[in-house]
Amino acid sequence: MYKKTSKLQVNLARKNVVKRNINKPFSSEPYNLTNLNAFKYNGLVHKKSVGIVDSPDKKGFTVLYKKQSAQFKPGKSIVKRTMKSGARRALYKLKRLMNANKYRRDLTKAALRRASAILRSQKPPRGKKQRPKKEA
């Protein structure tokens, strides 16, 4: 048995995960923070990767990350942490988690952007102020 290289894995996954009929090459993998189809952002290939999704109860977000120690045991390698302690505190916790465990420092900013977009989408929409009508 041979070991698949990461470049080969990306090329195999490219056919199954790419969104079709779009000019830009987007991807729909769970651990791809930017949703771009590139080796750098591919979460299936790298030993350590982070994914951020909406929490089930629509309060906060859930961080999914792979442990490098359980790299060859897919069922045990994934860890889920839900962060719903307020926007600023949750983003600070996410940044600390990524820096402390050295999870892809190049993607820290992308992770923070995705988490803040999820938090922003959970806020209720602001209502428009009604201006008084002029009487002629």
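Values in this text are rule-based calculations from the coordinates and carry no lab data. Just so it is clear, the model here is predicted, and its values are computed rather than measured. Heads up, the Cβs are rebuilt from the backbone with ideal geometry, glycines too, and the neighbour counts pull from every protein chain shown.
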Subject >> Calculated log₁₀ intensity ratio I(q)/I(0) where the Debye formula runs over C-alpha points of the range 49-121, q = 0.12, 0.14, 0.26 Å⁻¹ >> reply: -0.30, -0.41, -1.22
Original post:
Counting other Cβ atoms within 10 Å of each Cβ, which trypsin sites (Lys or Arg not before Pro) in the range 36-129 have at most 13 and sit in a DSSP loop?
Top reply: Lys40, Lys47, Lys58, Lys59, Lys102, Arg126, Lys128, Lys129
Subject >> In sequence order, calculated HN-Hα J values of the range 90-106 (Karplus, 6.51, -1.76, 1.60; Hz; x Gly/Pro) >> reply: 5, 5, 5, 4, 5, 5, 5, 4, 5, 6, 5, 9, 6, 8, 6, 4, 6
